[in-house]
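Values quoted throughout were computed directly from the atomic coordinates according to the rules given, and no laboratory measurement underlies them. Just so we're clear, the structure is a prediction, and the values are computed from it rather than from any experiment. Positions of Cβ are backbone-derived with ideal geometry, glycine not excepted, and every protein chain shown enters the neighbour counts.
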Amino acid sequence: MPEEDMSRCIPEFPPLLGGLSLEALQEEAGSVFGLFPDLTIGYLNSGWFRFAAENDGEPAISERFGLGSYIGSAIAGEAKDFYLERFETALRSGQVWRHEYECSSEAVFRTFHQTVYPLAGQAGLVVVNSLVVERPHDAAERPPHPPLAGLYCNEHGLISQCSNCRRVHRRADPERWDWVPAWVASMPENITHTFCRTCFEYYFLRTVR
């Protein structure tokens, strides 16, 4: 294996792949990561690093969520329990799990398709993330709002942001979630993550029915 690939792969991981080709995973345009049974990261393809760099995530992403780190530490709020449960179910059952999700920046709307491939003998998982939609945000569809803490901080001083669409909950209106691009570009320390009702029902609840 080339030295560059070794820097993105723990040596014990490739023998677990069985019929999957490491070269094919490396050539995937999207972000791909491999997990050991304990859900620590054993492999990261070039797309992982490219996506992180293009979205101002480097070098922090590599330093915090590199090889050997627990994937749960890279997932915030209620989304953590959701994803960990699905990963563990795929690992135990041997059944492929597919999922749609949003991962937008402050300027660009993006949706992705995630496919989780369980490896034979519960040896681990390979997770492939493929871009589905990428376009500038439509201001008519998702009007931007200024980052006014007084509108969004709850009684505990926290701002609730949806882990999927990244809109934030307006304190005085339980059903209203606003698009605040400034808090997508740079999250305040007092943000906490949950799901808005629409995202939970459309992207998450229907995957378990």
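Brief remarks on what is shown
- Between the residues LEU22, PHE82, ALA107, the greatest Cα displacement towards the positive end of the dipole of the chain, with unit charges on the Cβ of Lys, Arg, Asp and Glu, is found for PHE82.
- Estimated D of segment 149-203 in µm² per second, where Rh is the Kirkwood radius over Cα pairs and Stokes-Einstein applies at 37 °C, 0.692 mPa s: 294 µm²/s
- Dividing the summed helix terms, -39500 (n - 2.57) for each DSSP H run of n ≥ 4, by the number of residues in the chain produces a 222 nm estimate of -6000 deg cm²/dmol to the nearest 500.
- Using only side-chain charges placed at the Cβ, +1 for Lys and Arg and -1 for Asp and Glu, the dipole size of the chain relative to its Cα centre rounds to 680 debye.
- All C-alpha pair distances within segment 82-188, sorted into 5 Å bins from zero, spread as 2, 11, 18, 16, 13, 13, 11, 9, 5, 2, 0 percent across the bins.
- Summing +1 for each Lys or Arg and -1 for each Asp or Glu among the other residues whose beta-carbon sits under 10 angstrom from that of PHE109 gives -1.
- Using every pair of separate Cα atoms, the Kirkwood estimate puts the hydrodynamic radius of segment 3-136 at 15.2 angstrom.
- Axis of helix 77-93 versus longest Cα principal axis of the chain: the two differ by about 30°, to the nearest ten degrees.
- Choice from VAL32, VAL96, VAL108 showing the highest fluctuation, given a GNM over the chain with Cα pairs closer than 10 Å: VAL108
- Dipole-positive endmost among PRO174, ASN190, VAL116 within segment 110-209 (Cβ charges, Cα centre): VAL116
- Cut-off 13 Å between beta-carbons: net charge of the residues surrounding ARG135, Lys and Arg +1, Asp and Glu -1: -2
- Spherically averaged projected area of the convex hull of Cα atoms, segment 65-115: 4.5 nm².
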